[in-house]
1. In this structure, is GLU332 crowded, with 19+ Cβ neighbours inside 10 Å, in a helix (DSSP H, G or I) and charged (D, E, K, R)?
2. Write out, first by first residue and then by second, each pair whose Cβ atoms fall under 9 Å of each other, whose residues are 6+ apart or on separate chains, and whose first residue, in the stretch 622-633, is assigned by TED's automatic domain parsing to the domain that holds VAL764 while the second is part of a helix (DSSP H, G or I) and within 6 Å of ligand 1 (Cβ to nearest atom).
3. Select from the stretch 253-275 the residues that are hydroxyl-bearing (Ser, Thr, Tyr) and under 30 Å from GLU680 (Cβ atoms) and write down the one among them that is least open to solvent (accessible area, probe 1.4 Å).
4. Could you name every one of the strands (runs of 3 or more DSSP E) located completely within the stretch 674-788 that has at least 3 residues being within 38 Å of the chain's Cα centre (by Cα) and hydrophobic (A, V, I, L, M, F, W, C)?
5. Out of (1) modelled with pLDDT under 95; (2) open to solvent by 10 Å² or more (accessible area, probe 1.4 Å), the odd one out for TYR553 is which?
6. Going through the stretch 345-370 one residue at a time, which ones are within 15 Å of SER252 (Cα to Cα), in a helix (DSSP H, G or I) and open to solvent by 10 Å² or more (accessible area, probe 1.4 Å)?
7. Inside the stretch 38-58, can you point out the residues that are assigned to a loop (DSSP other than H, G, I, E, B), modelled with pLDDT of 85 or more and surrounded by 13 or more Cβ atoms within 10 Å (Cβ to Cβ)?
8. Open to solvent by less than 30 Å² (accessible area, probe 1.4 Å), more than 23 Å from ARG368 (Cβ to Cβ) and touching a residue at least 60 places away in the same chain (Cβ under 8 Å): which single residue out of LEU455, LEU514 fits that description?
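The values are calculated or read from the model by the stated rules, or taken from the named source; none is laboratory data. Just so it is clear, the structure is predicted and the values come from calculations on it, not from any experiment. Positions of Cβ are backbone-derived with ideal geometry, glycine not excepted, and every protein chain shown enters the neighbour counts. Remember, those area values only see protein heavy atoms, side chains included, never the ligands or the DNA or RNA. Shrake-Rupley method; radii C 1.70, N 1.55, O 1.52, S 1.80 Å.
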Amino acid sequence: MAEKKLSPMMAEYLETKKQYPDCILFYRIGDFYEMFYEDAKTASSVLDLVLTGKDCGQAERAPMCGIPFHAADSYVTRLVGAGYKVAIAEQLEDPKLAKGLVKRGVIRVVTPGTLTAEQGLDETKNNFLMSIFYDASGFGVSSVDVSTGEFLTTTCGTVKEVLDELSRFQPAEIVCNQAFMISGADTDFIKERFNLIITELEDGVYKDEAATKLLEEHFHASIQGIGLADRDLSRLSAAAALHYVYETQKNSVAHISNIRYYASSQYMIIDTATQRNLELIETMREKKKRGTLLWVLDKTRTAMGARMLRRFLEQPLIDRAQILARQDAIEELCGHYIDREEMSEYLNTVYDFERLLGKICYKTANPRDLIAFKQSLRMLPDIRQELGLFQSPLMKEIYEGIDEMQELYQRIDQAIVEDPPVSSRDGGIIREGYHAEADRYMQSKLNGKQWLAELEQRERERTGIKTLKVKFNRIFGYCIEVTNSFKDLVPADYIRKQTLTGAERYTTEELEKLQNEILGAEEKLHQLEYELFCDVRDTIAENVQRVQKTSHYVALLDCLISLSKVATSNNYCRPEINEAGRIEIRDGRHPVIEKLLQDGMFVTNDTRLDDAADRIAIITGPNMAGKSTYMRQVALIVLMASIGSFVPASHADISICDRIFTRVGASDDLASGQSTFMVEMNEVANILRNATTKSLLILDEIGRGTSTFDGLSIAWAVVEYIAKVVRAKTLFATHYHELTELEGRLDGVNNYCIAVTNHDQDIVFLRKIIPGGADQSYGIDVASLAGVPRPVIERAKEIAAELSDADILAKARELDCEPGFRQESLALEESGAGADSDLLFGAGDAPNGMVAERMPEATRGAAGSTADGTAPAGATTPAGAAGTEPALPASIRDALDYLRSIDINHMTPLDAMNTLYELKDRFQLS
Ligand code: ADP
Ligand code: MG
């Protein structure tokens, strides 16, 4: 009823807004994009704009804010960066010519997952939209990068596998069917962990017939030809992705020319926590590239190569033949040093083909983009000539795969001038001699200039005004300018046009005539040049598939050259690859730390792990000894070997692992707002549930986040569980030297420590790993090294002597190391957990990178049991077990009661944090 009183424009605005309820609507009015109502409130706070009001015919003014249209890009980028979607409604007709209300329509929806090259994307990484379809038979997962045209699809059986795909692609946005929201996946967690937005699409999008039709029409092929005829889940998710891309782009997306099905078991799985812990792509604290593995390995010269190398690291191979093929190529490149350097230089001039192609298909490419494209094509024959020398199968494949496309080069070269302007509308684009009609217009333009010069000369002579000039002005056109001092000499046939302060401007009949001819020719020329330019651009667009195939192989070549260069300059060796579970490294180095230290300062270390007697290494040693560095080094070497890279060692024999898990350090997560101990236990739970005999586990200081007794007990139980149930290869660093007791009592467990010696009063770190366990913690020595005042150190030594942990050790020695983990105990625990409403995931489906239960009680309960001083008992359930969940508060009154019941004096700071965390979570305040 209120709408009756609305002004016509606002009524239309609301009509448009109805179609884009989840977007912020930018509504073009004159030179501004305006936002109204809720959109205005949101945008004004996110963008720091002044909120005003607009009279729209109702009693209340509509909240409103606006931005100038020419600055729209940066505002859109900011809104999208903050997780909003923006719909842009343009004026579809010229306001001057419109009768009544100007026609407006949404021409583009900008969302985080569908950004294109123009929106300031990071060129070294992909920007994926992930589409997930769920039904009783499983998940279809498709990922598309609108900026490059890559489109991949797979199927998953469990939520856990979906999370692995999320870790792998790191999408900016998810679209899904409504059923996915009740599939057991915790979408709030996903949003937060992966920093993305999720949009549910209506069920209509997932109708099988329509989906098939959409895919067939887009790819100009039958569904069999596309390869998705028998893959129902993939087909529906892929069609939904495409549907969403169409809806948002409202433009040609012909560069999405292909979709590839892959089996998710094709790659090693590295969950997000491990990616972070190993600092593969960005450092933990500063989120920088410097100091990461990518930083060491990335010597690529093209944006496509940089993106591919990053994907290599996110998706290591597990197929021995594929790994060996890359190794062969890298070895051959190392042997052809000169050719390698030459190709590398050629690659330098190759622009971002893939994203240029996106612009070309979108018709947003400008004349300069075409020149960049041409220059990229120019080097292809030279690159291929070099490639012709190589013999290894992968190098031959690259040689075959690169299409020189010289006819496209010729076409651009003949049509477009070497240094064209950015604008495609104002001429100056087309070369002389390319098109006869264009040449004629150019000639008349030139002639016109000549005629004008002649006219100027003639008029000077006729009037005797020596300073008379013919000038051009965008608004008034051509004119004759006479300064005021010669005013008297102006002849009668001059017609006055404009008065300036020191001069008068005139025209004549002859000048009018010339002007019409010149400007007419110019206008026609610009229009023709624009058409010719579009022609060239569209010819390239017709060759999408060839360009994409070539850009794939150029990227691959770039990556292999990069890995080869790094292998040479860092003195890496080619590792052997086995499938027998053996990891042997001689003189291994940490690829990143060795770069950050001065030459030769890094101390090398050996490693031996296998599936039998050397399965678990317990590594003890004081703080700062080098334990963490050593363990990461092993993980990084295994990972490098799996992407086909050479490795920092003198010799290596590396087993293919299905996953690498790490839990490193305990002090770094405070900033994330979660209790460190909780995070630590989340990750331990995830590892214990998901690791297999083929996994490599790196566990660093498990249990450090809680009291000594708890920590030691948990660490002990975890090692037992891995030794008996999980049976994965494991490096376990600990400052609990009591754990060295496990050697000889558990199969496959061995002690190592990092050698230190005493020099005068101080300890000296030798950084060398040797068999055997550390006999003490050296904590006080480290404190002393760090400069803690003498009296404190002396006093600490006294206390330590009193509190000697001989008692613990004695008790530990009595422990029965046969707790008898049974498979049923885990099953039982999981079904119990499944009934718990606080679960993030369903039974048996503990997600990747987190635990199934949020349970601070694990800390509180454990703290209670150690208060009486009992030594750790052989724990029979793994960390994170459910069962004793306390009654948690459900209302404010309950919360107050709960708070009253807490005895703060008997809590550790961590207990307190955990309790707070739980409270916030319960009341959804976080
Ligand atoms: P821990 O985990 O035992 O406390 P870290 O692994 O963090 O010790 O190592 C502490 C520091 O020692 C590192 O920052 C590094 O600079 C140095 N370091 C570690 N390993 C080596 C090595 N093999 N050679 C040279 N320096 C090393
Ligand atoms: Mg450490």
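1. Details: crowded, with 19+ Cβ neighbours inside 10 Å: yes; in a helix (DSSP H, G or I): yes; charged (D, E, K, R): yes.
Yes; evaluated as a whole, the condition is true for this residue.
2. Matching pairs, first to second residue: THR629/ILE593; ARG632/ILE593; GLN633/ILE593.
3. We begin by selecting, within the stretch 253-275, every residue hydroxyl-bearing (Ser, Thr, Tyr); these are 257, 261-262, 264-265, 267, 272, 274.
Now narrow it down to the ones that are under 30 Å from GLU680 (Cβ atoms): 264-265, 267, 272, 274.
On the way: SER264: 27, SER265: 85, TYR267: 33, THR272: 20, THR274: 1 Å².
Residue satisfying both the conditions and the ranking: THR274.
4. Values: elements: 696-700, 729-734, 749-759, 762-771.
In the stretch 674-788, 696-700, 729-734 are the strands (runs of 3 or more DSSP E) which contain 3 or more residues that are within 38 Å of the chain's Cα centre (by Cα) and hydrophobic (A, V, I, L, M, F, W, C).
5. Checking TYR553 against (1) modelled with pLDDT under 95; (2) open to solvent by 10 Å² or more (accessible area, probe 1.4 Å), the one that fails is (1).
6. Applying the first criterion (within 15 Å of SER252 (Cα to Cα)) to the stretch 345-370 yields 355-365.
Right, trim to in a helix (DSSP H, G or I) and you get 355-362.
Residues satisfying the conditions are ARG355, LEU356, LYS359, TYR362.
7. Here is the first cut: in the stretch 38-58, the ones assigned to a loop (DSSP other than H, G, I, E, B) are 48-51, 55-58.
Checking which are modelled with pLDDT of 85 or more leaves us with 48-51.
Those that are assigned to a loop (DSSP other than H, G, I, E, B), modelled with pLDDT of 85 or more and surrounded by 13 or more Cβ atoms within 10 Å (Cβ to Cβ): LEU49, LEU51.
8. Numbers: LEU455 fails: touching a residue at least 60 places away in the same chain (Cβ under 8 Å).
Answer to the check: LEU514.
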